[in-house]
1. For the chain, take the longest principal axis of its alpha carbons; what is the angle in degrees between that and the long axis of helix 4-43, to the nearest 10 within 0 to 90?
2. What whole-number distance in Å separates the alpha-carbon centres of segment 15-31 and segment 44-60?
3. Give me the log10 of I(q) over I(0) for the chain at q = 0.12, 0.23 Å⁻¹, as the Debye formula computes it from C-alpha points; what are the numbers?
4. For helix 49-86, report the angle its Cα long axis makes with the longest principal axis of the Cα atoms of the chain; keep it between 0 and 90° and round to the nearest 10°.
5. Can you give the relative contact order of segment 4-86 as a percent, counting alpha carbon pairs under 8 Å and 6+ residues apart?
6. Using only helices, what value at 222 nm comes out for the chain when you add -39,500 (n - 2.57) per DSSP H run of length 4 or more and divide by the total residues, to the nearest 500 deg cm²/dmol?
């Protein structure tokens with residue numbers, strides 16, 4: 001059975017990994033924004049449904065990445081809160 005200190009250390013490491021992953025997702029969000037900008041530039045002057053679909057899917061992807069960031073931040077907060085509870 002793990003000691004309280006071992007549990008706290010594991011929780012802290014998990015929280016740090018969440019932070020690192022959140023930063024990676026933020027980089028993916030920035031990349032997705034660049035994709036959206038490029039698609040919109042290409043779409044200027046055309047009304048082709050395929051370009052509209054590409055933009056919509058990229059925007060949906062960006063939104064899901066934002067949601068993932070929010071969920072991971074909540075995970076980090078919960079882990080840190082439990083560390084505080086453990087003392």
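Each reported figure results from applying straightforward, stated rules to the coordinates on display, with no laboratory input. Because the structure is a prediction, the values reported are computed rather than measured.
1. Its long axis makes an angle of about 10 degrees.
2. Cα centres, segment 15-31 to segment 44-60: 27 Å.
3. One equal scatterer on each Cα of the chain leads to -0.52, -1.00.
4. Computed tilt is about 10 degrees.
5. Here the relative contact order equals 55 percent.
6. The helix contribution divided over the chain gives -33000 deg cm²/dmol.
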